[in-house]
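> One structure is given below, represented as structure tokens, and several questions about it will come after.
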Amino acid sequence: MMEQDHTKELAHIRGLMDRSTRFLSLSGLSGVVAGVVALGGAALAHYHITRASIPDADILTYGTGGGYTSADDLLIQLIVDASGVLGVALLCSWWFTWRRGHKTGQHLWDASARRLMINMIVPLSAGGIFCLALFYYGLPGLVPPATLLFYGLALFGASRYTLDEVRWLGLSELILGVIAIFWIEQGLLLWAFGFGVLHIVYGGVMYWRHERGPVTREA
């Protein structure tokens with residue numbers, strides 16, 4: 001009996017230490033929703049590209065011609081599509097993470113959350129600027145592999161401050177990004193798999209492992 005109490009006390013102490021160093025309120029449901037939104041965005045982007053495609057179009061430019069102009073409807077549509085997907089995904093992620101943090105008693109903006117955010121925002125900001133430059137120079141075909149690579153780097157680097165599944169998701173995104181660099185023809189499909197299918201799978205795993213059981217609030 002005393003041994004069981006000792007084990008429970010050690011588990012409680014370990015949980016408190018994890019909460020102080022790692023942000024554990026990430027919601028698997030936010031990953032699932034983000035994946036569904038990404039699949040919808042990929043389908044919309046494919047529709048725009050298919051409708052605007054021309055015979056023997058360059059896979060790097062999608063036939064848009066070599067640079068960004070105000071009349072280039074396809075590039076504008078792709079930018080709007082990407083912005084919409086990002087906005088909806090971030091909003092859903094915030095909502096589900098806030099809800100889980102409220103249940104577990106972990107604040108949405110504590111020290112562990114700030115460390116996680118800082119380690120993600122640096123590579124993501126660099127990747128966002130790089131992708132805008134690709135759009136500016138009329139090279140949207142390189143955007144899918146670039147986003148996979150920078151997103152994977154952000155997840156892998158920040159994974160030490162959150163759930164372990166995030167590390168494996170980051171590695172998976174990096175692998176897809178490397179494949180997409182050398183298989184640009186299927187870049188959008190690989191993007192849909194990385195941001196859509198993998199988010200749904202990993203979000204489901206995170207929900208199954210961490211959110212199904214009774215919720216324990218932080219002491």
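Read the figures in this text as sums done on the coordinates, not as results from a lab. A quick note: this is a predicted structure, and the numbers were derived from the prediction, not measured. Cβ atoms come from the backbone with ideal geometry, glycine included; neighbour counts cover every protein chain shown.
> Which of the residues spanning region 135-175 are free of Cβ contacts under 8 Å to residues at least 24 places away in the same chain and among the polar types (S, T, N, Q)?
Scanning region 135-175 gives a single hit, Ser159.
> Give me the residue from region 188-205 that is β-branched (Val, Ile, Thr) and closer than 11 Å to Ser172 by Cβ and, out of that set, surrounded by the most Cβ atoms within 10 Å (Cβ to Cβ).
Let us first name the residues in region 188-205 that are β-branched (Val, Ile, Thr), namely 197, 200-201, 205.
The next check asks that each one be closer than 11 Å to Ser172 by Cβ; those that pass are 197, 201.
Working: Val197: 13, Val201: 16.
Looking at residues that are β-branched (Val, Ile, Thr) and closer than 11 Å to Ser172 by Cβ, I get Val201.
> Give the residue that is surrounded by the fewest Cβ atoms within 10 Å (Cβ to Cβ), with candidates limited to residues of region 176-186 that are of a type outside the set (Val, Ile, Thr) and without any contact (Cβ under 8 Å) to a residue 60 or more places away in the chain. Give the derivation first.
Looking only at region 176-186, we keep the residues that are of a type outside the set (Val, Ile, Thr), and these are 176-177, 180, 182-183, 185-186.
Those still in the list that are without any contact (Cβ under 8 Å) to a residue 60 or more places away in the chain too: 176-177, 180, 182-183, 186.
Details: Leu176: 24, Gly177: 23, Ala180: 27, Phe182: 7, Trp183: 13, Gln186: 14.
Taking the candidates together, the pick is Phe182.
> In region 115-171, which residues are among the β-branched types (Val, Ile, Thr) and surrounded by fewer than 20 Cβ atoms within 10 Å (Cβ to Cβ)?
The answer is Ile118, Ile121, Val122, Ile129.
> Taking region 73-99 only, how many residues are among the hydroxyl-bearing types (Ser, Thr, Tyr) and over 17 Å from Gly127 (Cα atoms)?
Looking only at that region, the number is 2.
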